[in-house]
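Have a look at the structure below before the remarks.
The values are calculated or read from the model by the stated rules, or taken from the named source; none is laboratory data. Keep in mind the model is a prediction, meaning the values are calculated, not measured. Quick reminder, even Gly has a Cβ in these numbers, built from the backbone with ideal geometry, and neighbours come from all protein chains shown. The protein model used for the area step is the full one, side chains on, heavy atoms only, and it has no ligands, DNA or RNA in it. Shrake-Rupley method; radii C 1.70, N 1.55, O 1.52, S 1.80 Å.
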Amino acid sequence: MNKLVKEKFADQYMENLQRITLKSFEDTSDKDRYDALCDTIMGLINQDWRRSKQKVRKERKAYYLSAEFLIGRSLGNNLINLGIYDEVKELLNEMGIDFEEIEDYEDDAALGNGGLGRLAACFIDSAASQKLSLYGYGVRYREGIFKQAIENGFQVEYGDSWIKDGDGWSIRVDSDAKIVKFRDQQVKAVPYDMPVVGFENGVVNTLRLWQSEPFREFDFAKFNNFEYDDAVAEKNRAEDITRVLYPNDMQRAGKLLRLKQQYFFCSASIQDMVEKYKRDFPEDLKFENFARYHVIQLNDTHPIMAIPELVRVLVDENGIYFEDALAIANKVFAFTNHTVLQEALEKWSFDLMEEVSPRCLEIVEQIDKKLVKEFKDRGFSDKAIDPYRIVTGDLVHMANLAIYVGFSVNGVAEIHSQILKDDTFKEWYKESPEKFNNKTNGITPRRWLVYANRELTNFITEKLGTDAWKKDLAMLKGLEKFLDDEKVLDEFLSIKQTKKDQLAKYILENEGIKIDSHSIYDIQIKRIHEYKRQHLNILHIIHLYHKLKKNPDLDFTPTTFIFGGKAAPGYFRAKGMIKLANEVARVVNNDKDVNDKLKVVFVQNYRVTYAEKLFPAADVSEQISTAGKEASGTGNMKFMLNGALTLGTLDGANVEIFEEAGEENNYRFGATVEELAEIADSYNAFEYYSKDEDIKDVVDSLVSGEFKDQDSYYFLDIYNELIKPQNGGRADQYYLLKDFASYKETQAKLNKEFRNRKEWARKCLKNIANAGFFSSDRTILEYADDIWKID
Ligand SMILES: *Cc1c(COP(=O)(O)O)cnc(C)c1O
């Protein structure tokens with residue numbers, strides 16, 4: 001921003017501030033100042049936004065349908081992408097405004113659970129930055145994912161009404177509202193458009209989030225008749241549809257409302273596309289070219305209702321034959337799978353489908369009938385068709401619908417895509433191998449490095465002599481030249497120390513816990529889930545604690561173990577894992593015998609904004625899922641990019657991280673997918689328990705009374721899961737005991753090697769230099785080239 005523009009910005013800002021508040025500058029609050037800043041930036045974006053929209057009107061576009069967009073805050077990110085972050089910060093400081101305080105006025109737009117939602121947010125950033133016409137469609141939940149507090153060591157959930165004080169980053173577009181019809185309800189879908197600013201390139205794409213509203217605010221006659229509750233019943237029922245984001249991660253819940261929510265945003269989005277198509281291509285009455293201009297990426301199973309909905313709109317509202325409509329759908333839809341956990345592959349019962357959209361159910365049955373006929377014609381028996389069926393009994397299998405109708409199915413890391421072919425969808429792979437492909441996930445370097453780690457950003461730019469790497473992350477490879485430069489390694493270590501100091505301060509302010517910023521920061525932050533195995537980490541901490549108690553002079557590098565993550569409110573065992581982490585923290589942190597060596601912190605309310613402070617400060621990235629269970633992971637990439645070493649299993653994108661940066665520069669442990677498959681039928685967790693003293697010691701400590709769960713039975717539940725066969729299955733579903741010894745040894749090795757600071761720094765730099773592959777710019781360009789065919 002040159003001087004002139006800066007002055008103009010300042011004038012505009014003051015004008016907005018006074019217009020919004022009617023106050024003189026001195027009387028304005030931080031909130032006023034934040035609001036005026038949003039306003040000024042939105043004004044700045046406006047022209048590019050309109051131009052970008054106009055430019056791609058008659059071009060082929062990709063549409064990313066996702067029930068989740070885990071955006072976080074927008075202020076800093078938009079300033080970074082506009083290329084005016086430093087200038088605006090300076091400008092405000094000159095005006096006597098503390099920029100960081102202003103920033104804290106923004107609530108996270110936490111419209112997602114975890115990785116899947118954050119991926120969608122990284123993708124729209126990368127698409128705009130790569131000048132790709134990608135349109136995001138999602139839901140404007142009034143309540144984002146719950147706010148988590150830890151009380152007495154237990155997770156407590158609070159509401160997250162992120163827009164109660166307004167939303168400075170959306171524009172409501174009433175003129176584009178749609179009517180969504182359920183079996184016995186009709187609502188208005190009102191779009192709120194958020195600008196998606198490309199990185200320093202003048203492109204502004206759109207994320208359109210739909211909000212459900214009634215046709216009328218209240219029933220006057222009823223109100224007049226003193227029936228106050230009834231007068232607003234319809235309003236409430238309509239608003240309920242987009243009231244909450246279901247905070248269940250990979251488990252099903254809230255059935256009817258959830259399916260309504262899915263159909264709601266799919267229907268509104270499809271209607272929007274068809275309406276705009278008719279506006280821009282009025283001559284194509286038969287929709288012969290619809291597929292030429294549209295490709296729709298379905299982010300997991302949640303938006304699959306878009307398939308019958310497109311067919312419905314084409315057939316019922318535009319007079320297209322069913323066969324032709326389905327042929328269009330065949331060319332339009334592509335499906336991304338995010339998990340191999342069976343419970344997450346959505347199946348909806350007939351009665352729910354019927355209640356939401358009877359016509360879509362009819363269409364789904366029609367599609368299934370066609371599928372059966374096709375397979376029969378090719379000589380398949382009824383039994384052989386079964387695994388492909390969209391409808392079995394009274395259940396609709398959403399994944400089968402997407403794979404059959406769509407033209408592309410992708411997993412999100414090499415190993416995951418292989419498992420889809422070998423296992424999860426093996427029958428489909430045999431039938432339609434050409435549909436299957438891999439798109440290894442990525443993260444946007446703008447948020448996760450340029451914004452979150454200014455110090456490391458400046459270091460990289462200085463070393464590479466250019467900042468072009470922000471758009472082309474593969475350029476980080478140029479850092480390899482400094483691997484043996486002691487001065488540069490020292491510089492890196494000093495930056496890491498700065499970030500660790502900053503995190504220590506933040507944790508003290510937010511959690512009231514003092515941590516030693518010279519200890520190893522060993523961090524596991526992600527949703528709490530058994531397959532992610534936070535309890536393996538915790539059991540190991542108990543082991544270390546016991547060892548240090550017995551031998552206080554043990555040769556051990558002081559370590560701070562940091563956890564963060566939310567548990568689905570109805571997921572009993574995950575909540576037990578949180579209680580266990582906090583109880584171990586309480587015991588360890590209050591024991592003076594070990595206190596200068598061991599600390600445990602569970603940070604509250606892990607979210608994008610907290611993540612931005614945690615990743616840059618980490619030394620060790622805990623990626624310890626059971627091999628084969630984590631589809632990709634993206635947290636692992638954020639750590640790598642910020643110079644933390646991965647302590648991980650051969651799972652998800654860890655495999656590719658080890659490949660890119662070298663296994664010798666990270667810490668791999670544990671059984672592989674193949675090894676686990678081999679022992680699956682004979683695995684006996686109890687044997688590991690009875691034969692390994694360390695395992696027995698830590699497992700027994702769950703029920704010895706050393707750690708107290710206040711009669712919640714949380715710890716007994718974990719104890720039972722680990723060593724007692726559970727309802728028909730084996731004990732220790734996730735092989736904690738199998739991997740314990742390997743984890744322990746690898747931790748010990750790491751703990752020792754951390755002390756060789758130069759060698760450690762070298763490994764960190766090696767990881768950063770090879771993190772280029774994990775830019776979501778690379779991922780999104782692969783989607784654009786291989787699947788979407790847009791440029
Ligand atoms: C990156 C990210 C995730 C995903 O973490 P994984 O370790 O890949 O599960 C979840 N939540 C937030 C807030 C994130 O930023």
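Given the pairs Lys181/Lys235; Lys58/Lys181; Lys532/Lys613; Lys514/Lys547; Lys500/Lys599; Lys499/Lys752, which are separated by over 18 angstrom at their Cα positions?
Listed pairs above 18 Å: Lys58/Lys181; Lys532/Lys613; Lys514/Lys547; Lys499/Lys752.
Charges at C-beta only: +1 for Lys and Arg, -1 for Asp and Glu. How large is the resulting dipole of segment 709-776 about its Cα centre, in Debye rounded to 20?
With Lys and Arg at +1 and Asp and Glu at -1, about 780 debye.
Could you work out the Rg to Rh ratio of segment 301-450, with Rh taken as the Kirkwood radius (inverse of the mean 1/r over all Cα pairs)?
With Rg and the Kirkwood Rh in hand, the quotient comes to 1.00.
Per 0.36 nm of contour for each residue apart, how much would the distance between Ala748 and Lys8 grow if the chain were fully extended, relative to their Cα-Cα spacing?
Between Ala748 and Lys8, full extension yields an extra 260.6 nm.
Can you bin segment 652-708 into rounded, prolate or oblate? Criterion: square roots of the alpha carbon gyration tensor eigenvalues sorted a ≥ b ≥ c, rounded for a/c under 1.5, prolate for a/b above b/c, oblate for the rest.
Oblate, since a/c reaches 1.5 and b/c is not below a/b.
Give me the one-decimal Kirkwood hydrodynamic radius in Å for segment 1-77, with the sum taken over alpha-carbon pairs.
In segment 1-77 this quantity evaluates to 15.2 Å.
Between Ser381 and Lys53, with labels modelled 7 Å along Cα→Cβ, what's the label distance in nm to one decimal, could you check?
That separation, rounded to one decimal, is 5.9 nm.
Would you report the distance distribution of C-alpha pairs in segment 461-615 as whole percents per 5 angstrom bin, up to the bin with the largest distance?
It works out to 2, 8, 15, 16, 16, 14, 11, 9, 6, 3, 0, in whole percents.
Quick one: compute the contact order of segment 110-167, relative version, from alpha carbon pairs under 8 angstrom and 6+ residues apart, as a percent.
Answer for segment 110-167 is 29 percent.
Treating segment 100-206 as a set of equal point scatterers at the Cα positions, no solvent, please give the Debye-formula log₁₀ I(q)/I(0) at q = 0.22, 0.23 Å⁻¹.
For segment 100-206, the Cα-only Debye profile gives -1.34, -1.37.
In Å, what Rg and Dmax follow from the Cα atoms of segment 53-102?
When restricted to the Cα atoms of segment 53-102, Rg and Dmax are 16.7, 47 Å.
Would you kindly compute the Cα radius of gyration of segment 614-706 and its largest Cα-Cα separation (Dmax), both in Å?
Rg and Dmax of segment 614-706, Cα atoms, are 15.9, 45 Å.
Looking only at Cα atoms, what is the convex hull volume of segment 722-791 per residue, in Å³?
About 145 Å³ per residue, rounded to a whole number.
Under 18 Å from a point 7 Å along the Cα-to-Cβ line of Glu275: which residues of segment 314-353 have their amide N that close?
314-319
Using just the helices of the chain, give the 222 nm mean residue ellipticity in deg cm²/dmol: DSSP H runs with n ≥ 4 each add -39,500 (n - 2.57), and the total is spread over all residues, rounded to 500.
Value at 222 nm, helices only, nearest 500: -14000 deg cm²/dmol.
Which chymotrypsin sites (Phe, Trp or Tyr not before Pro) does segment 110-166 hold that lie in a coil by DSSP with at most 14 other beta carbons within 10 Å?
Listed in order of number, the matching sites amount to none.
Ordering Arg668, Arg778 by how much accessible area each has at a 1.4 Å probe, largest first, what is the list?
From most accessible down to least: Arg668, Arg778.
Given a Förster radius of 35 Å and the C-beta distance between Asp591 and Lys487 as r, what FRET efficiency does 1/(1 + (r/R0)^6) yield to the nearest 0.05?
0.30
I want the antiparallel fraction of DSSP beta bridges within the chain, as a percent rounded to 5.
Among the beta bridges of the chain, antiparallel pairing accounts for roughly 40 percent.
Out of Tyr714, Gly96, Met475, whose Cα points farthest toward the positive end of the dipole of the chain (charges: +1 Lys, Arg; -1 Asp, Glu; placed on Cβ)?
Going by the charge dipole, the pick is Met475.
What ranking, highest mean first, results for peptides 401-409, 93-101, 200-208, 482-490 when packing means the other Cβ atoms within 10 Å averaged over each residue?
So the order, starting with the most tightly packed, is 401-409, 200-208, 482-490, 93-101.
For segment 328-429, which trypsin sites (Lys or Arg not before Pro) are both in a DSSP coil and crowded by at most 12 other Cβ atoms within 10 Å?
Arg378
Under 12 Å from the Cβ of Asp174, count the other residues' Cβ atoms, weight Lys and Arg +1, Asp and Glu -1, and hand me the total.
Overall, the nearby charge balance is 0.
For segment 155-237, calculate the relative contact order in percent as a whole number, restricting contacts to Cα pairs under 8 Å that are 6 or more residues apart.
Relative CO of segment 155-237 lands at 19 percent.
Quick one: which residues, 5+ away or cross-chain, put their amide H under 5 Å from the amide H of Asp300? H built at 1.01 Å from N.
Those lying under 5 Å, H to H, from Asp300 are Thr336.
When the accessible area of segment 218-321 is computed with all protein chains present and a 1.4 Å probe, what percentage of it is carbon and sulfur?
Carbon plus sulfur share of accessible area: 53 percent.
Rounded to whole Hz and in sequence order, give me ³J(HN,Hα) for segment 771-778 from the Karplus expression 6.51 cos²θ - 1.76 cosθ + 1.60, θ = phi - 60°, writing x for Gly and Pro.
In residue order, the calculated couplings are 8, x, 4, 8, 6, 5, 4, 4 Hz.
Find the relative contact order for segment 597-754 and round it to a whole percent, using C-alpha pairs within less than 8 Å whose residues are 6+ positions apart.
Contact order relative to length: 18 percent.
Applying the Karplus parametrisation 6.51 cos²θ - 1.76 cosθ + 1.60 with θ = phi - 60° to the phi angles of segment 605-622, what ³J(HN,Hα) value in whole Hz is obtained for each residue in order, glycine and proline being reported as x?
Rounded to whole hertz, the list is 6, 4, 7, 4, 5, 6, 4, 4, 9, 7, 4, x, 8, 7, 9, 10, 9, 7.
Once amide H atoms are built 1.01 Å from N in the peptide plane, which residues 5 or more positions from Ile515, or in another chain, come under 5 Å H to H?
For Ile515, whose amide H was placed from the backbone, there are no distant partners under 5 Å.
What's the extension gain from Asp184 to Asp516 if we count 0.36 nm per residue and subtract their Cα-Cα distance?
Extra length available between Asp184 and Asp516 comes to 113.5 nm.
For Ala474 and Arg359 in one chain, what is 0.36 nm times their gap in residues minus the Cα-Cα distance, to one decimal in nm?
So the extension gain works out to 36.5 nm.
Would you kindly work out the equivalent ellipsoid of segment 567-629 from its C-alpha gyration tensor and give its semi-axes, the square roots of five times the eigenvalues, largest first in whole Å?
Calculated on Cα positions only, the semi-axes equal 22, 18, 14 Å.
Rounding to the nearest 20 debye, state how big the charge dipole of the chain is about its Cα centre with +1 on each Lys and Arg Cβ and -1 on each Asp and Glu Cβ.
Charge dipole, the chain, about its Cα centre: 980 debye, nearest 20.
Using only C-alpha positions, report the orientation-averaged shadow area of the convex hull of segment 1-149, nm², one decimal.
10.7 nm²
I want to check the label-to-label distance for Asn93 and Asp501. Put each point 7 Å from Cα in the C-beta direction and report it in nm to one decimal.
Each label point is offset 7 Å from its Cα along the Cβ direction, giving 1.6 nm.
Enumerate the calculated ³J(HN,Hα) couplings along segment 149-163 in order (Karplus 6.51 cos²θ - 1.76 cosθ + 1.60, θ = phi - 60°), each rounded to whole Hz, writing x wherever the residue is Gly or Pro.
10, 9, 10, 6, x, 9, 6, 10, 9, 10, x, 10, 8, 5, 10
Under 10 °C and 1.306 mPa s, how fast does segment 647-773 diffuse according to Stokes-Einstein, given a Kirkwood radius computed over C-alpha pairs? Answer in µm²/s, whole number.
Here the translational diffusion coefficient equals 94 µm²/s.
Any chance you could list P(r) for segment 87-139, counting all Cα-Cα pairs in 10 angstrom bins from zero, rounded to whole %?
Reading the bins upward from 0: 20, 29, 31, 20, 0.
Counting only heavy atoms of protein chains, what accessible area per residue, in Å², does segment 473-532 have with a probe of 1.4 Å?
With all protein chains present, segment 473-532 gives 44 Å² per residue.
May I ask you to list the trypsin sites (Lys or Arg not before Pro) in segment 681-741 that are in a DSSP loop and have at most 14 other Cβ atoms within 10 Å of their Cβ?
Listed in order of number, the matching sites are Lys708.
Run the dipole for segment 1-44 about the Cα centre, Lys and Arg Cβ at +1, Asp and Glu Cβ at -1, nothing else charged, and hand back the magnitude in debye, nearest 20.
180 debye
Put a dot 7 Å past each Cα toward the Cβ at Lys758 and Phe322; how far apart are the dots in nm?
7.5 nm
How much space per residue, in cubic angstrom, does the convex hull of the C-alpha atoms of segment 289-370 take up?
Per-residue hull volume (Cα only) is 100 Å³.
Could you pull the accessible area for Met273 with a 1.4 Å probe, rounded to 10 Å²?
10 Å²
Restricting to segment 47-154, compute how many DSSP beta bridges are antiparallel as a %, nearest 5.
Here the share of antiparallel DSSP bridges comes out near 50 percent.
Which of the listed residues, Phe375, Ile538, Tyr246, is farthest toward the dipole's positive end in the chain, when Lys, Arg count +1 and Asp, Glu count -1 at the beta-carbon?
Phe375
Amide H to amide H, which residues 5 or more places from Tyr63 or on other chains are under 5 Å from it, using H placed in the peptide plane?
Counting only residues 5 or more places away or on other chains, the set is Tyr135, Val295, Ile296, Gln297.
Rg over Rh of segment 514-604, using C-alpha atoms and the Kirkwood radius, what does it come to?
A ratio of 0.98.
At 1.4 Å probe size, with every protein chain present, just tell me what the per residue accessible area of segment 742-791 comes to in Å².
Heavy-atom accessible area per residue stands at 38 Å².
Normalised radius of gyration for the chain, please: alpha carbon Rg relative to 2.2 N^0.38 Å, two decimal places.
That ratio works out to 0.97.
Rolling a 1.4 angstrom probe over the protein heavy atoms, how many square angstrom per residue are accessible across segment 165-211?
Result: 35 Å² per residue.
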